[in-house]
1. What single numbered condition from (1) more than 18 Å from residue 89 (Cβ to Cβ); (2) touching a helix residue (DSSP H, G or I) at 6+ places or on another chain (Cβ under 7 Å); (3) at pLDDT 95 or above fails to hold for residue 25?
2. Just to check your reading of the model, which residue among 65, 58, 90 is at pLDDT below 95 and more than 19 Å from residue 18 (Cβ to Cβ)?
3. May I ask you to list the residues in the range 109-122 that are buried (at least 16 other Cβ atoms within 10 Å of the Cβ) and either in contact with a helix residue (DSSP H, G or I) (Cβ under 6 Å, 6 or more places away or on another chain) or part of a helix (DSSP H, G or I) (or both)?
4. Restricting the first residue to the range 114-129 and requiring it to be in contact (Cβ under 8 Å) with a residue 24 or more places away in the chain and at negative phi, which pairs with a second residue that is surrounded by 12 or more Cβ atoms within 10 Å (Cβ to Cβ) and part of a helix (DSSP H, G or I) meet a Cβ separation below 7 Å and a spacing of at least six or different chains?
5. If I filter the range 35-45 for residues that are surrounded by fewer than 13 Cβ atoms within 10 Å (Cβ to Cβ) and at pLDDT 95 or above, do I get at least one hit?
6. Just to check your reading of the model, which residue among 40, 3, 35 is without any contact (Cβ under 8 Å) to a residue 40 or more places away in the chain and within 13 Å of the chain's Cα centre (by Cα)?
7. Regarding the range 70-77, can at least one residue be identified that is at pLDDT below 95 and within 25 Å of residue 18 (Cβ to Cβ)?
8. Just to be sure I understand, how many residues within the range 15-25 are in contact (Cβ under 8 Å) with a residue 24 or more places away in the chain, surrounded by 17 or more Cβ atoms within 10 Å (Cβ to Cβ) and touching a strand residue (DSSP E or B) at 6+ places or on another chain (Cβ under 6 Å)?
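The values are calculated or read from the model by the stated rules, or taken from the named source; none is laboratory data. Everything numeric here is computed off the predicted structure, so don't read it as measured data. Positions of Cβ are backbone-derived with ideal geometry, glycine not excepted, and every protein chain shown enters the neighbour counts.
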């Protein structure tokens, strides 16, 4: 299951691309498809959040499902894109400090959270939120990260 990682942030505290890939792959376990994880700075997060959610501020993570594709994925290699996860490094690092968490663990949580959205999870209702939180805790446990 292919995961592309794009490190487009100037943060000095970023985990490695291999870490982001491992976290996404763990969240994708059992799913078929491709995901791109892009790590950005405040400006790009704010622009995307404004354009797609109407919120003029950066946010910790955004998920962009790819939508419906033909049976062969419509791609030359037959891979099916699931979508993109955009993680804002400065916001994640600030939240980790505020919550007294290890930054790497909070990054892992944001990647897992974003990938679960691509897999169809949501948290609009209490029931959905509880199910998503259980899935997050299970995946983070496999990664050795404490549940949020």
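1. That leaves (2) as the condition not met.
2. 65
3. Of the residues in the range 109-122, the ones buried (at least 16 other Cβ atoms within 10 Å of the Cβ) are 109-119, 121.
Selection gives 109, 110, 111, 112, 113, 114, 115, 116, 117, 118, 121.
4. So the pair list comes out as 115/24; 115/27; 115/28; 116/27; 116/132; 116/135; 116/136.
5. yes
6. Step by step, each of 40, 3, 35 is checked, and only 3 is without any contact (Cβ under 8 Å) to a residue 40 or more places away in the chain and within 13 Å of the chain's Cα centre (by Cα).
7. Within the range 70-77, one or more residues are at pLDDT below 95 and within 25 Å of residue 18 (Cβ to Cβ).
8. Summing the residues that are in contact (Cβ under 8 Å) with a residue 24 or more places away in the chain, surrounded by 17 or more Cβ atoms within 10 Å (Cβ to Cβ) and touching a strand residue (DSSP E or B) at 6+ places or on another chain (Cβ under 6 Å) in the range 15-25 gives 2.
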